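Here the structure comes first, spelled out in structure tokens, and everything after it is commentary.
The values are calculated or read from the model by the stated rules, or taken from the named source; none is laboratory data. These numbers come from a predicted model, not from an experiment. Counting neighbours? That spans all protein chains shown, and the Cβs are built from the backbone with ideal geometry, glycine included.
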Amino acid sequence: MKNTYCKRFFLFFLAGVLSLAACTQKEDAVMPQENCDTLAVVQYVPSCGLQLQLENSQVVVPLNASYTTGPANELVFKIKDFPVRVGQRIIVGYLKSDVELGATPCNVAGYGNNNLVEITCIAGIEQGT
């Protein structure tokens, strides 16, 4: 009987240690939303701003993207306050937008209003160079 308690204690102790060890890996921040399932690559075009090239090669323009100038005069990009870099692969969820921007260089280039999206969720995969 004493042996059974020792085995149970050892198993619970081992499970606890393994659970804590799994928590030491650094994870990318995730903004939890439903349907975050589309792979995209972050791109920047000076005349259009931040764009996402989706896995099906479609290019979309996120409405909730922003950028500022960093300390070394570099551009610092964010989508939904999530920091991203040009070339970074991310997973996003998005909704097509009904926003009308009028004639912009992006519209003239063929992106048009139908490619404006609102990002509903985002998860980083890897940093670009």
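Going by the conditions given, is residue 33 modelled with pLDDT of 90 or more and surrounded by 13 or more Cβ atoms within 10 Å (Cβ to Cβ)?
It is false that residue 33 is modelled with pLDDT of 90 or more and surrounded by 13 or more Cβ atoms within 10 Å (Cβ to Cβ).
Listed residues 84, 17, 108; which is in contact with a strand residue (DSSP E or B) (Cβ under 8 Å, 6 or more places away or on another chain) and either modelled with pLDDT of 55 or more or among the β-branched types (Val, Ile, Thr) (or both)?
One residue alone meets the criteria, 84.
Considering only the range 50-71, how many residues are in contact with a helix residue (DSSP H, G or I) (Cβ under 7 Å, 6 or more places away or on another chain) and more than 15 Å from residue 89 (Cα to Cα)?
Qualifying residue count for the region: 1.
Hey, can you tell me all the residues within the range 56-93 that are within 19 Å of residue 115 (Cα to Cα), assigned to a loop (DSSP other than H, G, I, E, B) and over 14 Å from the mean Cα position of the chain (by Cα)?
56, 57, 58, 63
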